[in-house]
Amino acid sequence: MTDQARNAADAMTGSMKDATDQLKAAGGKAAETSKELNGKILDQAETNVREAFAALRAAASAGSMGDVLKVQGDYVREQSARNMEQAKEIGEMIANFGRTAMSGMGNMPGMGNIPGMGGNKN
């Protein structure tokens, strides 16, 4: 009986260590993903500011009010398309992170029994 208890305790300790290691790895991945996400957002903001100043310059050098209105209309159309693309990029990054995080959790001891988590069935 003592050997059984020791084996059970060793198995539980091993499972807990595995879970802790996986949580640490997930935390590192979350920090890496956050850094990538922040970099992408800053890149997008820089692009948006650059394009806004380009439109301002074009409007300032326009020869007529009609030209100014054309510059504004073009800018609004282009910025709307850019916003949609940027939102799609950020959404995909977040979705990929979520999928990665969930697939990693399915490998944690005891998590395989949760619907949708997959992984082992400990």
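Data for the structure
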quantity: Partners for Lys40 among aspartates and glutamates (Cα-Cα distance below 16 Å; same-chain residues under 8 apart left out); calculated: Glu32, Glu85, Glu89, Glu92
quantity: Theoretical gain in end-to-end length, Thr47 to Met16 [0.36 nm per residue, Cα-Cα removed]; calculated: 6.5 nm
quantity: Estimated inter-spin distance, Ala95 and Asp67, nm [label 7 Å along Cα→Cβ]; calculated: 4.3 nm
quantity: For the stretch 1-97, accessible area per residue (1.4 Å probe, heavy atoms of protein chains only), Å²; calculated: 74 Å²
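The values are calculated or read from the model by the stated rules, or taken from the named source; none is laboratory data. Note that the structure is a prediction, hence the values are computed from the model and not measured. No Cβ is skipped: glycine too gets one built from the backbone with ideal geometry, and neighbour counts run over all protein chains shown. Ligands, DNA and RNA are excluded from the accessible area calculation, which covers all protein heavy atoms including side chains. Shrake-Rupley method; radii C 1.70, N 1.55, O 1.52, S 1.80 Å.
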